[in-house]
Amino acid sequence: MKRSISLLSCLCSTVYCFAQTPESPFKARNTLYAEGFGSGGIYSLNYERLIKTKPKSAVGLRVGGNLFGFKKPSYTFIGEVFAIYGPGKNHLDIGLSLSALRTFTPGNENGSFIQEPYWSVYAIPRISYRYQKPQGGLMLRVGINPFLNVLSNQDADRIGILPCFAIGHSF
C-alpha cells in the first residue's frame, strides 16, 4: 500500500510538472519610439519594456524625454506604467505617467530680465489604440492624454487634454 501511494504521488507530481500554462503571444518585449504631443509635450523619444505578460494582456514600464534649445535648454523626463489589452495586433493601451519639465521663465525683449529655471510636474493618464504585432516590428499608437499640473513654481496650465501619436519599432 505504501508503495502504491508513493507511485501515485510521483505520477501526480510528474503530470503537474508537465502541465502547460498558456503562453503569452507577446514575444517582442522592448519598444523604441518617437511620440508627438504626448507625455513629453511637442515630442519625446521613449523606451518601453514589457515586464509581465499574459495571453491577452501585458504590463510594462516606459522611460523617455526630450530636449529643446541649446543655450538654455528645456527638457522633460518621463516615467510611465502602462497596460496593453487584446490579442493579435490591435490593442487597447492605457497608461499613467509622471512628466517632469524643466524650463525657464520668459525674459523681456531687451534681455534685461534674467531668466530663471523652474520645474513643473504633470500627471498624465493616457488611453489609446495601439497597433503592434506580438512578434515585433512596426508599432503605431494614437490616443488622448489629459494632463494635470501637480507641482509648479510658475503659473502654467493646470489641466488640459492633448491628442497623441507615436511610431516606433518593437523587438
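For residues that are outside any loop (DSSP other than H, G, I, E, B) and over 14 Å from the mean Cα position of the chain (by Cα), scanning just region 108-131, find the one that is modelled with the lowest pLDDT.
Taking the candidates together, the pick is P117.
Can you tell me which residue within region 74-101, out of those that are of a type in the set (G, A, S) and surrounded by fewer than 19 Cβ atoms within 10 Å (Cβ to Cβ), is farthest from F26 (Cα to Cα)?
S74
Which condition breaks for Q135 when tested against (1) within 14 Å of G41 (Cβ to Cβ); (2) open to solvent by 40 Å² or more (accessible area, probe 1.4 Å); (3) modelled with pLDDT under 95; (4) of a type outside the set (V, I, T)?
(1)
Does region 31-44 hold any residues that are in contact with a strand residue (DSSP E or B) (Cβ under 6 Å, 6 or more places away or on another chain), without any contact (Cβ under 8 Å) to a residue 40 or more places away in the chain and surrounded by fewer than 20 Cβ atoms within 10 Å (Cβ to Cβ), and which are they?
Y43
If L140 satisfies every condition in (1) surrounded by 13 or more Cβ atoms within 10 Å (Cβ to Cβ); (2) assigned to a strand (DSSP E or B); (3) touching a residue at least 60 places away in the same chain (Cβ under 8 Å) but one, which is the exception?
(3)
As an exercise: evaluate I51 against (1) open to solvent by 20 Å² or more (accessible area, probe 1.4 Å); (2) under 18 Å from S120 (Cβ atoms); (3) of a type outside the set (S, T, Y) and give the number of the one condition it does not meet.
Tallying (1) open to solvent by 20 Å² or more (accessible area, probe 1.4 Å); (2) under 18 Å from S120 (Cβ atoms); (3) of a type outside the set (S, T, Y), I51 fails exactly one: (2).
Would you call S57 more than 14 Å from the chain's Cα centre (by Cα), open to solvent by less than 60 Å² (accessible area, probe 1.4 Å) and of a type in the set (S, T, Y)?
yes
The values are calculated or read from the model by the stated rules, or taken from the named source; none is laboratory data. Model, not experiment: these values are computed from the prediction. All Cβ positions, glycine included, derive from the backbone under ideal geometry; neighbour counts span all protein chains shown. Surface areas here come from the heavy atoms of the whole protein model, side chains and all, with no ligands, DNA or RNA. Shrake-Rupley method; radii C 1.70, N 1.55, O 1.52, S 1.80 Å.
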